[in-house]
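Read through the structure below, which is laid out as structure tokens, and then see the notes.
The values are calculated or read from the model by the stated rules, or taken from the named source; none is laboratory data. Quantities reported herein were computed from a predicted structural model and do not represent experimental measurements. Because the Cβ atoms are built from the backbone with ideal geometry, glycine has one as well, and the counts that use them run over all protein chains shown. In case anyone asks, the SASA skips ligands and DNA or RNA and just uses the protein heavy atoms, side chains included. Shrake-Rupley method; radii C 1.70, N 1.55, O 1.52, S 1.80 Å.
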Amino acid sequence: MLELLSRPARKIPVAAVHLPQFNVMRLSLIAAVFAGTLSATASDANNQPSIVAQQTASYAVKKYDKDILKTLAGMVSFNTVANPAIAFEKNPAHLGFKKYLKSEAARLGFDFKDDGYVVVIGYGNSDERVGVITHGDVQPVDPSKWKQSPFKLNVKSEPGRLLGRGTEDDKGPIASGLYAMKAIKDKKLALRKRIELYVYMAEESDWAPLEAYLKTHTPPQMNITLDAEYPVVIAEKGYGTVQFTVPTQDPKIATNEVHLSAFGGGFFGSQIPEDAYVSIRNATPAIEQQIKQRAAKQDKMQYSFSWHEHELRIKARGVSAHSSKPEDGVNAIAMLADALYFRTWQETTAGSMVNLINELLGTSLYGEKFGKAAYHDSFMGSMSMAPTVIKQTTEGIQLGINIRRPQGKESAQLQQEIQETLTAWQAKHVPLHNVSVELSDPWIRKDAPQVPTLLSVFSHYTGIKNAQPIAVGGGTNSRMFPNAVSFGPSMPGMVYSGHSEHEFITTKQLLLNLQMYTAVLVELAK
């Protein structure tokens, strides 16, 4: 996804796990929204997992607390970022990753099927099946921002944390799922259902191959996705992108007139940008001080200033995060534009882009300045709008805005409001080229029968009572599988590190996930 965070100890006593409490009002809203669906089984969520489930989960952590780290390290070592220059079926990193999964499946005693973009690792023989949905691809990464290679599991730099691309999203969950299945196999439990672990290899880049696969493949009747948050995710916001180009401008500028000659930032569309830059021609020391004064009021931002004759160049460093949780990051593009917002800039290409960002987006997370677009849903939360990528093109400067939209407004209405706002801005400023608005619908599943079991296991192992289903901003493959909801791996209230340049999962969280996944699979497959 999500796309989500912070989490050493070989054993995890429940009492030792400290977790933030849920917002009581939010729980009440959720309970009210879904009372009709879940009230009949709400009492089940307060039940304890069976003794067999608890014993098997305890065994999993005691037996495989070291092995799971080795398997995770092996998976992290493969750079499974999608590469547009290499076809998937010829990408050596993806082929190597699948070969590694095959060897691990054989070593652990599971059957293995390679269906191209989808790998299925299975245990048991039954027409009734429980699916565990994960993905093996990862988001792009900037190696220069890591203490060591992001494709080498770093267990030393930050004690208790396992750093590496994919540790949280989503290779850590794959490892936890594998050893949950292994513990169940070791115990020779009598299962009524077969367990299948699905690893999709393009979740972060292209869902079309999975859509095609599911047209010819019958998925399990019940599924849990390990790619979001606890306690249980039954709703996801819709993904959206607004994209346009400020075409190259050639305003008449006096020889010594101050103006912006360059502006850019961001890495990829679903990451809150950590970096941004601007160049100011004919700048003065006074302008530098004005920028510094505004920048000093910003939290968690870092700036560097350098002079190149009469040009002032500024680099901004914020905090990257998953774009579905913009509140977890500090948007360097928006913040740098804000630092420049002590004036309206001459409408050069860069100046026009900065003016647009300040006037229509600002540093708000939820689109309040973007005409009538902003809206809120009591269960799914507010729509978010984040400028995430600025690219220099042959036509000018292109901006991509990432949107996560809840239920409560039709896509046609939202699209019209976005278009009207951009049209009104152009009437006062400069024309925009290649304007596109793409919006997907929010997703919600109210009737998944396994929800009470998941809530029960979660409450037992975390000590958080009366937990209720939640909605998230990220999108997962849950919406493509029958009776699928997400169960972890991220704890509620924690900052999600997936998609950031500081991705990690704590050892404690990895093993807690192992416990809960083991208990859940025992309960669902028995």
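Please report, in debye to the nearest 20, how large the charge dipole of the chain is about its Cα centre when each Lys and Arg carries +1 at its beta carbon and each Asp and Glu carries -1 there.
Numbers: 55 positive and 51 negative charges, 384 e Å.
Its charge dipole is roughly 1840 debye.
Give the long-range amide H neighbours of Tyr366: residues separated by 5 or more places, or on another chain, with amide H under 5 Å away, using H modelled in the peptide plane at 1.01 Å from N.
When sequence neighbours closer than 5 places are left aside, the close amide H contacts are Met385.
Which ³J(HN,Hα) values in Hz, rounded to whole numbers, follow from the phi angles of region 144-152 under the Karplus curve 6.51 cos²θ - 1.76 cosθ + 1.60, where θ = phi - 60° and Gly and Pro get x?
With coefficients 6.51, -1.76 and 1.60, one gets 5, 9, 10, 5, 8, 3, x, 9, 9 Hz.
Test of understanding: express the Cα radius of gyration of region 402-526 as a ratio to 2.2 N^0.38 Å, with N the residue count.
1.46
Add -39500 (n - 2.57) for each DSSP H run of 4 or more in the chain, then divide by its residues: what number comes out at 222 nm, to the nearest 500 deg cm²/dmol?
-9000 deg cm²/dmol
Given a 1.4 angstrom probe, what's the average accessible area per residue across the chain, in square angstrom?
Here the residues of the chain average 40 Å² of exposed surface.
Quick one: give the max-minus-min coordinate of the C-alpha atoms of region 379-419 along each principal axis, largest first, in Å.
That works out to 41, 19, 9 Å along the principal axes.
At 25 °C and 0.890 mPa s, what whole-number value in µm²/s does Stokes-Einstein give for the translational diffusion of region 368-468, with Rh from the Kirkwood sum over Cα pairs?
145 µm²/s
Taking every pair of alpha-carbon atoms in region 232-279, give the share separated by more than 13 Å as a whole percent.
Values: 863 of 1128 pairs.
So the portion of pairs separated by more than 13 Å is 77 percent.
Do any trypsin sites (Lys or Arg not before Pro) in region 253-338 lie in a DSSP loop with no more than 13 other beta carbon atoms within 10 Å, and if so, which?
Within region 253-338, the qualifying trypsin sites (Lys or Arg not before Pro) (loop, at most 13 other Cβ atoms within 10 Å) are Lys297, Lys300.
Note down the Stokes-Einstein diffusion coefficient of region 195-277 in µm²/s, whole number, using a Kirkwood radius over alpha carbon pairs, 20 °C, and 1.002 mPa s.
Estimated via Stokes-Einstein, D reaches 116 µm²/s.
Tell me, what % of the accessible area of the chain is carbon and sulfur with a 1.4 angstrom probe? Display every interim value, and only then the final one.
Details: 10760 of 21050 Å².
The computed percentage sits at 51.
Where a ≥ b ≥ c are the square roots of the eigenvalues of the C-alpha gyration tensor, would you call region 268-415 rounded, which needs a/c under 1.5, or, failing that, prolate if a/b is larger than b/c, or oblate?
It is prolate, given that a/c is not under 1.5 and a/b is the larger ratio.
Under the Karplus relation 6.51 cos²θ - 1.76 cosθ + 1.60, θ = phi - 60°, what is the ordered set of whole-Hz ³J(HN,Hα) values for region 282-294, x standing for Gly and Pro?
Result, rounded to whole Hz: 6, 5, 10, x, 5, 5, 4, 5, 4, 5, 5, 5, 5.
What number results when the radius of gyration of region 106-182, computed over Cα atoms, is divided by 2.2 N^0.38 Å?
Normalised Rg, Cα atoms only: 1.35.
What are the ³J(HN,Hα) couplings of region 406-416, residue after residue, when phi is run through the Karplus curve with 6.51, -1.76, 1.60 and θ = phi - 60°? Round to Hz, x for glycine and proline.
Once rounded to whole Hz, the list reads x, 5, x, 8, 5, 4, 4, 5, 4, 4, 5.
Only Cα pairs under 8 Å and at least 6 apart count here; give the relative contact order of region 95-248 as a rounded whole percent.
35 percent
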